[in-house]
Amino acid sequence: MAYTACPAPTSQEPQQTARHALSTITITRRLHHIPGLINILADRYARFVAIRRQRRTLLSLTDAQLLDIGLTRADAEEEYRRSFNLL
């Protein structure tokens, strides 16, 4: 009978390999969604900044300009205060 330097495979090795492959697939699937999540967060932040800018611009209009678009100073100030609810 000849002996080799490699031990005989045990019954647990295939299970460990399968678990490792499964965990790698699971991690890969989770990482696959990260770019999409980053894009969603970036889009929401850009929208937040745009709305804040528009509300600040509305507040900076004169009373005559506000009257031209059918708003009062109180309406513009109320809309500006709503921007703090976005946080």
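What follows is calculated from the coordinates using simple rules that are stated; it is not laboratory data. Bear in mind the structure is a predicted one, so any value in this text is a computation, not a measurement. Cβ coordinates were reconstructed from backbone atoms using ideal geometry, including for glycine residues, and neighbour counts include every protein chain displayed.
Between Glu78 and Ile51, the distance separating the two model label sites (each 7 Å from Cα on the Cα→Cβ line) works out to 1.8 nm. For region 41-87, the alpha carbon positions stretch 37, 15, 14 Å along the principal axes, listed from largest to smallest.
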